[in-house]
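Novice: Sharing a structure below in C-alpha cells format, with a few things to ask.
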Amino acid sequence: MTTMTRGFAPPLWLWLGWGLCSVSAPAEPIAFSIPTQRGDRALALFTQQSGVDILYTAHPLRQIRSQSVHGLHEPSDALVVLLRGTGFMPTQQNGRYAIVAITPPPGSLVGRIEPSNGESATSTTVHLLAEQRTTSTNRHGEYRFENVRPGTYRIVAERDGFRTLEISDNTVQSNRRTQLALEIISPRASVTEFGQPQLQRLRQSGRDGRRARRLGLPLRSPPNAQPFLPFIGARNVARFGTRF
C-alpha cells in the first residue's frame, strides 16, 4: 500500500492531480553519506540528510540497489548519482522531486515463416503472446512487430491444416531490429496423405499372415510378412494341398 510520509508518497499521478505539498530543495550543496543499499532505504536516508521530501512508490524501489553518495552535493545531483543504473530517475518541478521509472526505447521483431509443402507463404497468423498482438505473413512469408518493449518473447504461428509452430526465446533490445531465422511450418498428418499406404500394407500383411497360418509357417509381424510372398505360390499350393 502506498503511503504519504516523509520519503514515502503516492505515485506521481496522484501528486500531479492533487498538488500535494513538498519541501523545496535547497540550492546549496549538502553533505551526504549514503552507502549502497536497497533503493527505498537509500531514498529515505536521502530525505533524512537533505530535508527534501521525495514522491515515490516504495515497492518497486525495494527491488533495486542504489549507488553510494558521499560528500557535498546539491540534492538534484545527489539523486542522479543515487539512482544511476537502476532504471529509475528523479524529476523536478518547482523544487519538488518525484522518482519515476525510465521507459527504454522500443525495438522491433522481424521474422519469416514458410510452409514445408510449397504452398504460398502468405496468410500465416503470427501471435506475439506477451504483448497480445497478432499479424500475418506477406507473400514472402515475412512478418514484423514494431514498437516492442525490450524483453524476451514467445511467438506462436498458426495456419489452416498445419501444425502450430512455437518460436521461443526471442529477445528484443532498445532501438534494435531483431531478425529471426527462417522457420518452417509443417502440415498436419492426414489419412489421405499418410494413412492410406499404411492401411494397404496392413491389409496385405494380414492376407499374407492368413496364408502363412494355413501352410503351417511361423507367423511374423506385419512389417516382416513380405518375405513370405515368394514362398507362397501355385507350386506350394499343390504341394501342401491348401487353397487361397
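Novice: Are there any pairs with C-beta distances below 7 angstrom linking a residue in segment 45-72 that is within 12 Å of Ala101 (Cα to Cα) to a residue that is part of a loop (DSSP other than H, G, I, E, B), with the two at least 6 apart or on different chains, and if so which?
Specialist: Tyr56/Ala9; Thr57/Thr2; Thr57/Pro11; Ile64/Thr86; Ile64/Gly87
Novice: Name the residue that is nearest to Ala98 (Cα to Cα), counting only residues in segment 73-83 that are of a type in the set (A, V, I, L, M) and in contact with a helix residue (DSSP H, G or I) (Cβ under 8 Å, 6 or more places away or on another chain). Explain how you work it out, then say what you get.
Specialist: Applying the first criterion (of a type in the set (A, V, I, L, M)) to segment 73-83 yields 78-83.
Retained after the next criterion (residues that are in contact with a helix residue (DSSP H, G or I) (Cβ under 8 Å, 6 or more places away or on another chain)): 78-79, 82-83.
On the way: Ala78: 14, Leu79: 10, Leu82: 14, Leu83: 12 Å.
Top of the filtered list is Leu79.
Conditions (1) surrounded by fewer than 15 Cβ atoms within 10 Å (Cβ to Cβ); (2) within 16 Å of the chain's Cα centre (by Cα); (3) free of Cβ contacts under 8 Å to residues at least 60 places away in the same chain, marked per residue:
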residue	(1), (2), (3)
Ala101	yes, no, yes
Pro106	no, yes, no
Glu114	no, no, no
Thr134	yes, yes, yes
His140	yes, no, yes
Gly151	yes, yes, yes
Arg163	yes, no, yes
Ser168	yes, yes, yes
Asn175	yes, no, no
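Novice: Also, I was wondering about something else. Among the residues of segment 184-200, are any buried (at least 16 other Cβ atoms within 10 Å of the Cβ), in a helix (DSSP H, G or I) and at pLDDT below 95?
Specialist: Scanning segment 184-200 turns up no residue that is buried (at least 16 other Cβ atoms within 10 Å of the Cβ), in a helix (DSSP H, G or I) and at pLDDT below 95.
Novice: If you don't mind, there's one more thing I want to ask. Do the conditions hold for Glu142, that is, is it farther than 30 Å from Thr103 by Cα and at pLDDT 95 or above?
Specialist: On the way: farther than 30 Å from Thr103 by Cα: no; at pLDDT 95 or above: yes.
When the stated conditions are applied, Glu142 does not pass them.
The values are calculated or read from the model by the stated rules, or taken from the named source; none is laboratory data. Every value quoted in this text rests on a predicted model; they were computed, and no experiment measured them. Glycine gets a Cβ as well: all are built from the backbone with ideal geometry, and neighbour counts include every protein chain shown.
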